[in-house]
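Okay, so here's the structure we're looking at.
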Amino acid sequence: MEPPPPPPPSIATTNFFNLLSEEILCLILDHVANDPFSRKSFSQVSKSFYSLESAHRRALKPRRLEYLPNAFRRYTSISHLDFSLCPRVEDDTLASISRTWKSSLRSINLSASKFFTRKGLSTLASNCSCLIEIDLSNRTDLTDSGLRAIGEAKNLETLRLTRCKSITDMGIACVAVSCTKLRSICLRWCLHVSDFGVGLIALKCKEMRNLDLSYLPITEKCLPPIFQLEHLEDLVLENCLGIDDDGLASLKKCCKSLKMLNLSNCLNISHIGLSSLTKNAQNLEKIILSYGLSLTNDLANCLHNFPRLQSVYLDGCLIRGSGVKAVGNWNSSLKELSLSKCKLVTDECLSFTVQTHKELRKLDITCCHNITYASMYSITSSCPMLTSLRMESCTLVTTDAFLLIGRCQFLEEIDVTDTEIDDAGLESITRCSKLSSLKLGICLKITDKGLGYIGSSCSKLTELDLYRCSSVTDVGIAAIADGCPSLVVINIAYNTNVTDNSLLSLSKCLKLRKLEIRGCPRVSLVGLSAIAVRCRQLTLLDIKKCSNITDDGMIQLAQNSQNLTQANMGLMALASMSCLHHISVYHLEGLTSSGLAAFLLASQTLTKVKLSSTWKSLLPQYIHEYMEARGCVLVWRDKPFWPSILL
């Protein structure tokens with residue numbers, strides 16, 4: 001007689017996680033990829049989850065180098081490595097990386113790191129055969145020998161060298177000859193790179209897509225090989241003052257693949273040179289002419305020749321009425337138009353323009369001081385598909401004009417800083433249900449009532465600026481916190497009505513990353529503790545001039561805000577904050593040189609400290625030397641200093 005089958009396991013003893021396939025679990029990990037706490041919680045479910053998370057992770061951003069050995073053991077397939085929080089990275093570290101992830105590493109960011117040499121770069125470049133992206137920006141001490149080492153990365157496709165001011169044409173030549181697969185290179189502010197180096201890059205790297213030559217001392221001599229690149233899409237020539245109309249007129253060929261051209265601050269180029277530069281550029285979609293050319297009738301007609309042009313940036317340009325009207329006569333509609341700080345823009349020309357460009361998605365009229373209700377009426381009537389409207393400091397736009405904004409129901413970004421908008425205007429904005437960013441700084445007519453409207457209707461809001469909105473109180477902040485749970489950034493600086501109740505309300509916003517409460521004297525330990533305990537993703541905090549926040553509040557913050565990377569504070573009990581990297585130390589009372597020295601010695605993660613210049617002579621010399629050796633930059637500023645005791 002066969003024994004009876006065992007009873008089915010009870011629901012109470014069944015591990016339902018074991019029923020999930022690895023594919024589903026990987027999809028969950030993809031969903032929480034940007035949330036370190038969720039990933040950590042996932043890995044703590046079981047040993048199998050821990051192993052799966054370890055195998056699934058591809059990107060790593062170490063907070064401190066002492067954690068790296070554990071990462072070597074746990075993560076075997078890292079492809080993207082970001083050292084932007086580690087100021088001191090030495091050759092031994094790069095050697096260990098090249099051994100551990102030699103077959104998986106594809107990109108590395110060393111833009112905030114120092115102390116590695118040509119030897120470390122050579123080891124990295126030669127061993128990591130899959131390496132396609134390197135960021136060495138801000139390494140002002142990087143020389144041509146370092147670039148020769150980079151040349152060993154034969155498969156390199158992206159190289160960023162912004163502000164590498166010591167490299168020359170010789171180093172660039174090594175990269176050009178060895179890294180022929182390059183598709184993108186940024187040479188912004190590489191002041192010793194000239195026509196020869198740029199020309200060689202263009203001649204040798206035929207796959208080039210993106211080329212940033214901003215602020216280089218180049219002339220038209222390097223342009224012919226650049227415009228022979230068959231795949232070039234983005235070309236940035238910002239502030240290249242050596243290029244002028246005469247040089248451009250000699251060009252015989254234009255890159256037909258070009259989609260974006262930036263000629264900002266190119267003061268020696270007019271519509272004549274532009275016509276030569278963009279000859280036959282039938283695929284051009286975006287052009288940036290900020291702080292350079294005047295918008296004349298001739299320039300407008302020149303731009304009209306590009307059939308696919310969708311975005312035009314004319315920030316800070318001299319705008320002539322005939323030029324704007326010529327833009328208004330185009331047959332096709334733009335998607336983006338930026339006229340920021342174009343002081344001569346009037347109602348007449350702006351209204352005429354938007355009536356033609358009815359498919360506009362983004363419009364920037366910041367500091368256009370002459371526009372009034374008439375422009376707002378035309379914009380909201382003609383451009384119902386707008387997703388971004390920036391109109392800071394449009395001071396002649398009257399309060400009733402803001403009632404029209406609700407016509408543009410697809411708006412996701414609104415900037416009405418320093419305008420006459422009031423609560424009724426905010427009620428109109430509630431029709432924009434997709435709104436994610438709202439800037440209301442120095443809008444003195446808005447109150448809690450208006451914020452109540454926003455909180456009840458704009459649940460997708462992630463960024464809110466209430467800088468110096470003096471009529472807003474805890475009630476309005478509570479309405480925002482309750483109705484906008486996805487809030488990431490909020491600025492409520494310089495508001496004497498804000499108390500701990502506001503911070504208690506904001507502590508419900510668990511995704512909060514940036515909080516600015518500078519100059520809010522009524523907040524204290526109670527409110528700050530709530531933020532510290534619940535807002536675990538906080539990365540930037542500004543609490544300068546918050547005189548009621550004491551050392552106890554700082555300790556609470558240090559214990560709980562594990563992601564905090566930048567703080568502007570008035571008190572110093574922050575040394576245990578494991579992720580603090582930037583701090584500004586101004587406007588302090590009671591801080592001594594001994595206390596500051598102790599803090600600097602104890603804070604092992606700092607990469608930049610901004611200090612009043614008065615401290616420079618008060619801090620012992622060994623502190624200066626120690627911080628420099630660690631890779632931390634001390635930045636001195638002439639700001640008021642109020643010590644009670646100098647010991």
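The values are calculated or read from the model by the stated rules, or taken from the named source; none is laboratory data. From a predicted model like this one, the values you see are computed outputs, not experimental measurements. Every residue, glycine among them, receives a Cβ derived from its backbone with ideal geometry; neighbour counts consider all protein chains shown. What goes into the accessible areas is simple: the full protein's heavy atoms, side chains included, and nothing from ligands, DNA or RNA. Shrake-Rupley method; radii C 1.70, N 1.55, O 1.52, S 1.80 Å.
Report every pair of residues separated by at least 6 positions or lying on different chains whose Cβ atoms are under 6 Å apart, first residue within the stretch 27-54 and without any contact (Cβ under 8 Å) to a residue 24 or more places away in the chain, second part of a helix (DSSP H, G or I) and open to solvent by 20 Å² or more (accessible area, probe 1.4 Å).
32/38; 43/50; 54/74
Out of 361, 320, I need the residue that is out of contact with any helix residue (DSSP H, G or I) (no Cβ under 8 Å at 6 or more places or on another chain), among the basic types (Lys, Arg), more than 21 Å from residue 427 (Cα to Cα) and open to solvent by 30 Å² or more (accessible area, probe 1.4 Å). Which one? Give the steps one after another, and end with the answer.
Numbers: 320 fails: out of contact with any helix residue (DSSP H, G or I) (no Cβ under 8 Å at 6 or more places or on another chain).
The unique qualifying residue is 361.
Only helices (runs of 4 or more DSSP H) wholly contained in the stretch 546-647 count here; list those with 1 or more residues that are open to solvent by 50 Å² or more (accessible area, probe 1.4 Å) and either at pLDDT below 70 or charged (D, E, K, R) (or both).
551-560, 615-618, 621-630
For the stretch 267-297, enumerate the residues that are within 20 Å of residue 242 (Cα to Cα) and in a helix (DSSP H, G or I).
Passing the criteria: 271, 272, 273, 274, 275, 276, 277.
Only one of 293, 258, 303, 299 is over 21 Å from residue 333 (Cα atoms) and either hydrophobic (A, V, I, L, M, F, W, C) or in contact with a helix residue (DSSP H, G or I) (Cβ under 9 Å, 6 or more places away or on another chain) (or both); which? Full working, then the answer.
Values: 258 fails: over 21 Å from residue 333 (Cα atoms); 303 fails: over 21 Å from residue 333 (Cα atoms); 299 fails: over 21 Å from residue 333 (Cα atoms).
After applying the criteria, what remains is 293.
Looking only at the stretch 167-206, which residues are hydroxyl-bearing (Ser, Thr, Tyr) and over 21 Å from residue 107 (Cβ atoms)? Working first, answer last.
Step one: filter the stretch 167-206 for residues hydroxyl-bearing (Ser, Thr, Tyr), giving 168, 178, 180, 184, 194.
If the condition is that a residue be hydroxyl-bearing (Ser, Thr, Tyr) and over 21 Å from residue 107 (Cβ atoms), then 168, 194 are the ones that fit.
Evaluate the stretch 33-42: report whether one residue or more is within 30 Å of residue 628 (Cβ to Cβ) and either loosely packed, with under 14 Cβ neighbours inside 10 Å or over 23 Å from the mean Cα position of the chain (by Cα) (or both).
no
When both residues are 6+ apart or on different chains and their Cβ atoms are under 7 Å apart, which pairs have a first residue that lies in the stretch 55-84 and is aromatic (Phe, Trp, Tyr) and modelled with pLDDT of 90 or more, and a second that is crowded, with 17+ Cβ neighbours inside 10 Å and part of a loop (DSSP other than H, G, I, E, B)?
Listed pairs, sorted by first residue: 75/57; 83/62; 83/89; 83/110; 83/112; 83/113.
Only one of 148, 163 is on the phi > 0 side of the Ramachandran plot, at pLDDT 95 or above and surrounded by fewer than 22 Cβ atoms within 10 Å (Cβ to Cβ). Can you tell me which?
Of 148, 163, the one residue that is on the phi > 0 side of the Ramachandran plot, at pLDDT 95 or above and surrounded by fewer than 22 Cβ atoms within 10 Å (Cβ to Cβ) is 163.
Identify, from the list 51, 10, the residue that is over 27 Å from the mean Cα position of the chain (by Cα), open to solvent by 50 Å² or more (accessible area, probe 1.4 Å), more than 30 Å from residue 116 (Cβ to Cβ) and modelled with pLDDT of 85 or more.
After ruling out the rest, the residue left standing is 51.
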